[in-house]
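The values are calculated or read from the model by the stated rules, or taken from the named source; none is laboratory data. Everything quoted here is computed from the prediction, not taken from an experiment. Backbone-built Cβ (ideal geometry, glycine too); neighbour counts: all protein chains shown. Side chains included, ligands, DNA and RNA excluded: accessible areas come from the protein's heavy atoms. Shrake-Rupley method; radii C 1.70, N 1.55, O 1.52, S 1.80 Å.
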There are 2 protein chains.
Amino acid sequence: MAGVRIDLTRVEERLAELAALHPLDGLGSCRLALTDDDRAGRDLLITWMGDLGLDVGIDAIGNIVGRWSAGADEPDLPPVMTGSHLDTVATGGRFDGALGVVAGLEVIEALAASGARTRRPVAVAAFTNEEGSRFAPDMMGSLVYVGGLALEVALDTVGIDGARVGHELDRIGYRGARPVPGPAPHAFVELHIEQGPVLEHEGVTIGAVTGVQGISWQELVVTGQSNHAGTTPMALRRDAGHAAVAIAAGVRELVSVVGGRQVGTVGRLHLEPNLVNVVAGRATMTVDLRNIDEAALREAEKRLSELVTEVAATERVEIASRSLARFEPVEFDERIVSLVESTATGRGLTSRRLASGAGHDAQMMARVCPTGMIFVPSRQGISHNPAEFTEPGHLRAGVEVLADVISTLAADPDPGPGRAGAR
Amino acid sequence: MAGVRIDLTRVEERLAELAALHPLDGLGSCRLALTDDDRAGRDLLITWMGDLGLDVGIDAIGNIVGRWSAGADEPDLPPVMTGSHLDTVATGGRFDGALGVVAGLEVIEALAASGARTRRPVAVAAFTNEEGSRFAPDMMGSLVYVGGLALEVALDTVGIDGARVGHELDRIGYRGARPVPGPAPHAFVELHIEQGPVLEHEGVTIGAVTGVQGISWQELVVTGQSNHAGTTPMALRRDAGHAAVAIAAGVRELVSVVGGRQVGTVGRLHLEPNLVNVVAGRATMTVDLRNIDEAALREAEKRLSELVTEVAATERVEIASRSLARFEPVEFDERIVSLVESTATGRGLTSRRLASGAGHDAQMMARVCPTGMIFVPSRQGISHNPAEFTEPGHLRAGVEVLADVISTLAADPDPGPGRAGAR
């Protein structure tokens, strides 16, 4: 089929309108989940969906789904769904999440404008609280949508500011009537910025996302003995800071030993009392391990555990560890991954397969339907930051590939691609 | 000569009275330099000095010196001086500094009570702002006393709370009339708690302090690139946190290579943004290097500099370093060190020579007269903390050895020990 023609200016204007609700330095924006800022973004989306004549539904956790059936030959079939989220981190950019939602609207608008007919309906979703910056866990709306988290538990969640999810949904008027878990779509495809440097580094425009890395987060609390840095001989120290440093250095080594796609990061490290002339008595640190391969991730966790035991003995400190998060890797639908690649090629765009290092709503949707994702480059890999930026040409490429992929999936005969509902 | 008999109860009561002015948890106390708390401590000292009939003088930087000439055969000779400081860190104990001042009073009181005659007068000093917690540099009062820092510079020093030294001295009524630099005493001996674990660890009661370690403090600021911990491959990172960790791990190694009495500590380390899932874009850390041997300390500094260069290249980060403090090692007067040892032995007390890892007023006085220090054990080496503690038996031993050493030095014929004034 001929490629769908999209209106890049409309996409950029809508991203700008959303960002303008609570702008941050440069291109940034703040729409923490279920705040007044988030409500303003949702209201804008509802207006746009209404203008497009979509059938808009809001479910019990506040997910917004707009369904376009006007161009569908079989309007009662499960739709091909796209979308993402409107909430941001506190210091967010204008692309993370919002791009996937605005792109979904644009695809429908472009299809409608072209007079195209599809077999199946097309739907665009904005899931509640993907970032998890105010309420844990992240990806809450999509997780509830697929039945992975009970609605009551989600509604009872208390945020970092003491607010409850259920109360905030009521307050902003987005506790909807549609039941959760929601109906499984025919397929789900999400367009998102990469939030990493790989595509830019390799000069590639389209990422065909093969899945999402598994994540293991641990917090370690090291207890030693605080002492004077001048008067305490090295041999008599129980230096919590040095123990933390030895573990952090060891994390880099174990990542190298496990190899492959293993990554590991010590991003948070705090010493007490944190003074130039005092041996730290206590250190708190986090270790973030990720791998697309579950067996390799377990190997990395095992090596970390051995490292912690060894350092505790060598430095004569106590080390308590607890898991902050653990998700197994997710594999996306092979047919959709291939479809993204071939569509990019058909449009004359460079593409490569890559795994997502960040979590996305798509990984939850993958539990109930064939799912894929399209990445476009992030300048310098920067995200969760007002400096987050994707070039207009890359935005266009991403929305157009999304449009073509949705068109193709919407034409699917039964039983459709992959093993719908079998995950 | 027979040992001087001291009244331990009076020493302990005076330490308790000082601590009670602003008590902290347990035995602790807060008397930050030139605050109202410090004034209250000074007022108490002036009262005690008056009760003892001392000739009290306050100099232009607020140092308080009480001179006892009543028992001296030649009252116009330079006195044997003892003393320390009354100021504490924000979370101080009751022994650091205060012990040396209260012990000096006790020595004079004991000598007076025994009717002993000395050749030379005895003086006890309380130096201003030894800790440096509110105003830098530390050991300010003794440094000004010996002419190592110009009075005007000291008076103009602005503290962490924005206050000026000169203004605060006026405010609390302790900007005195005596000129600085002050007159060189015949000798100076300071009793202090060890603030380290060596004496306790070896079961030794008296430390004959041979000198003070040289100190080199550096602050390093590492600038890399903040990135998503999941989406950024290891090879594309410029991880400021990992660079800091690599340097901190390297500090331990270089300390081991330099060997001997070298110690090294990374006590302060801060990552930005300090989040579990973000590769740090910036890290700030301090490195504290100390050695009793200047050549070895320079070797350690050279190795640190090489390490920083190497890590900056390997991790592709920028590292800026600046010196926060640099003091060469100080050697105390050999005759006084031997005198402390022999006095302890004469009293049936165990003793050992050791270098001070911390700075003390005595190291400044060593510039103008033969100087020594006496250490008593600190439980678990803990100091600058309300848990700071020295056993009553050790307090008694320290004050008694101080009394004997002062008696001996006060009997000195001219020209006195060592090379007075030659340092």
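Tabulated data for the structure shown
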| item | result |
| --- | --- |
| FRET E, pair A:Asp161, A:Arg322, Förster distance 35 Å, beta-carbon r, rounded to 0.05 | 0.90 |
| Interface residues in region A:218-243 - accessible area drops by 50 Å² or more relative to the isolated chain, probe 1.4 Å | A:His228, A:Gly230, A:Thr231, A:Met234, A:Leu236, A:His242 |
| Kirkwood hydrodynamic radius of region B:211-366, Cα pairs, Å | 17.6 |
| Net dipole in debye of chain A [+1 Lys, Arg Cβ; -1 Asp, Glu Cβ; about Cα centre; nearest 20] | 620 |
| Ascending list, in nanometres, of distances separating the B:Glu334 label from those of the other copies (7 Å, Cα toward Cβ) | 8.5 |
| Cut-off under 5 Å, modelled amide H: who pairs with A:Thr118 long-range | A:Ala72, A:Asp73 |
| Share of carbon and sulfur in the accessible heavy-atom surface of region A:1-66 [1.4 Å probe, %] | 50 |
| Radius 12 Å from Cβ of B:Val278, net charge of other residues (Lys, Arg +1; Asp, Glu -1) | 0 |
| Cα-projected label distance for B:Glu12 with B:Ser305, points at 7 Å along beta-carbon direction, nm | 5.2 |
| Label spacing, shortest first and in nm, from A:Gly203 to its equivalents in the remaining copies (7 angstrom along Cα→Cβ) | 7.5 |
| Antiparallel bridges, percent of DSSP beta bridges restricted to the protein assembly as shown (to nearest 5) | 65 |
| Spin-label model distance (nm) - A:Asp414 vs A:Asp43, 7 Å beyond Cα toward Cβ | 4.4 |
| Positive-end extreme of charge dipole, region B:1-122 - chosen from B:Ser69, B:His85, B:Ile58 (charges on Cβ) | B:Ser69 |
| Accessible area buried between chains A and B, both sides summed, probe 1.4 Å, in Å² to nearest 100 | 4400 |
| Accessible area per residue, Å², chain B with all protein chains present, probe 1.4 Å | 35 |
| Whole-number D in µm² s⁻¹ for region A:300-345, Kirkwood Cα-pair radius fed into Stokes-Einstein, 37 °C, 0.692 mPa s | 227 |
| Other copies of A:Arg322: label-to-label distances in nm, shortest first, labels 7 Å along the beta-carbon direction | 3.9 |
| Cα-centred dipole magnitude for the protein assembly as shown, charges only on beta-carbon of K, R (+1) and D, E (-1), debye, nearest 20 | 860 |
| At R0 = 25 Å, FRET efficiency that the Cβ-Cβ distance of A:Asp51 and A:Asp25 yields, to 0.05 | 0.20 |
| Charge dipole (chain A, unit charges on Cβ, about Cα centre) - positive-most of A:Ile6, A:Gly162, A:Ser226 | A:Ser226 |
| Occluded residues from region A:323-357, i.e. those whose accessible area drops by 10 Å² or more once the chain is not alone (1.4 Å probe) | A:Gly357 |
| Cα-derived Rg to Rh of region B:1-110, Kirkwood definition | 0.98 |
| Between 0 and 90°, nearest 10: helix A:334-346 axis offset from chain A longest Cα axis | 70 |
| Calculated from backbone phi, Karplus (6.51, -1.76, 1.60) coupling profile of region A:142-148 in Hz, x at Gly/Pro | 5, 5, 5, 4, 8, x, x |
| Computed [θ] at 222 nm, deg cm²/dmol, chain A (DSSP H ≥ 4; -39,500 (n - 2.57); rounded to nearest 500) | -11000 deg cm²/dmol |
| DSSP beta bridges in chain B [antiparallel fraction, %, rounded to 5] | 65 |
| List of region B:177-207 residues, accessible area with partners at least 20 Å² below that of the chain alone (1.4 Å probe) | B:Gln195, B:Pro197, B:Val198, B:His201 |
| Bins of 10 Å from zero: percent of alpha-carbon pairs in chain B | 5, 21, 29, 24, 12, 6, 2, 0, 0 |
| Globularity ratio of the protein assembly as shown, using Cα Rg and 2.2 N^0.38 Å | 1.24 |
| Dimensionless Rg/Rh of region A:131-239 - Kirkwood Rh, Rg from C-alpha atoms | 1.19 |
